[in-house]
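Enquirer: This is the structure I want to talk about, given as structure tokens.
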Amino acid sequence: QVQLVESGGGLVQPGGSLRLSCAASGSIFSIYAMGWYRQAPGKQRELVAAITSGGYTNYADSVKGRFTITRDNAENTVYLQMNSLKPEDTAVYYCHVSAQGDYWGKGTLVTVSS
């Protein structure tokens, strides 16, 4: 079994910052990519950012320059530093790992509101 444990969500004011983390454990081998998706109420799940084992990153246009994805390959952990948060960033954020299969976390809620 593979487990993804997410943490770091919460309530933040516009302009604030949050850091999400996701640790993968269990019978997981050869992780290719780790990333974050989000789903806002009434909308489809969308890619926020992803990073490969080689360090290649990909960001949604809406978060470029504000969010930074990093990973610790030794700890199978991926982080998402979110700065200058906007109300439209409010969503449930899901960790995703591409390895011998595709794995998803349960999600962590990020609410940006004054």
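Enquirer: Considering only segment 11-93, give the strands (runs of 3 or more DSSP E) lying wholly within it that have at least 2 residues that are closer than 17 Å to Leu109 by Cα.
Expert: 18-26, 33-39, 46-52, 77-82
Enquirer: Hey, among the residues in segment 58-83 that are more than 21 Å from Gln39 (Cβ to Cβ) and more than 14 Å from the chain's Cα centre (by Cα), which one's most open to solvent (accessible area, probe 1.4 Å)?
Expert: Restricting to residues being more than 21 Å from Gln39 (Cβ to Cβ) and more than 14 Å from the chain's Cα centre (by Cα), the top hit is Glu75.
Enquirer: So if I check each of Ser27, Ser62, Ser53, which one is touching a helix residue (DSSP H, G or I) at 6+ places or on another chain (Cβ under 8 Å), touching a residue at least 12 places away in the same chain (Cβ under 8 Å) and hydroxyl-bearing (Ser, Thr, Tyr)? Let's see the steps before the verdict.
Expert: Working: Ser27 fails: touching a helix residue (DSSP H, G or I) at 6+ places or on another chain (Cβ under 8 Å); Ser53 fails: touching a helix residue (DSSP H, G or I) at 6+ places or on another chain (Cβ under 8 Å).
Residue meeting the stated conditions: Ser62.
Residue-wise test of (1) at pLDDT 95 or above; (2) under 11 Å from the mean Cα position of the chain (by Cα); (3) of a type in the set (Phe, Trp, Tyr).
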position	(1), (2), (3)
Gly8	yes, yes, no
Leu11	yes, no, no
Pro14	yes, no, no
Cys22	yes, yes, no
Ile31	no, no, no
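Enquirer: Right, something else. Restricting attention to segment 84-114, and to residues there that are acidic (Asp, Glu) and open to solvent by 50 Å² or more (accessible area, probe 1.4 Å), which single residue is nearest to Leu20 (Cα to Cα)?
Expert: Once the filter is applied, the top-ranked residue is Glu88.
Enquirer: What pairs can you find where one residue is in segment 77-100 and closer than 25 Å to Ser30 by Cβ, the other is among the acidic types (Asp, Glu), and their Cβ atoms are less than 6 Å apart, with a gap of 6+ or different chains?
Expert: Cys95/Glu6
Enquirer: If you go through segment 5-25 one residue at a time, do you hit one that is open to solvent by 30 Å² or more (accessible area, probe 1.4 Å) and among the β-branched types (Val, Ile, Thr)?
Expert: Taking every residue of segment 5-25 in turn, at least one turns out to be open to solvent by 30 Å² or more (accessible area, probe 1.4 Å) and among the β-branched types (Val, Ile, Thr).
Enquirer: Could you list, in sequence order, the residues of segment 26-57 that are open to solvent by 50 Å² or more (accessible area, probe 1.4 Å), at negative phi and of a type in the set (Gly, Ala, Ser)?
Expert: Residues satisfying the conditions are Ser27, Ser53, Gly54.
The values are calculated or read from the model by the stated rules, or taken from the named source; none is laboratory data. Just so you know, these numbers come straight off a predicted model, no measurement behind them. All Cβ positions, glycine included, derive from the backbone under ideal geometry; neighbour counts span all protein chains shown. Ligands, DNA and RNA are excluded from the accessible area calculation, which covers all protein heavy atoms including side chains. Shrake-Rupley method; radii C 1.70, N 1.55, O 1.52, S 1.80 Å.
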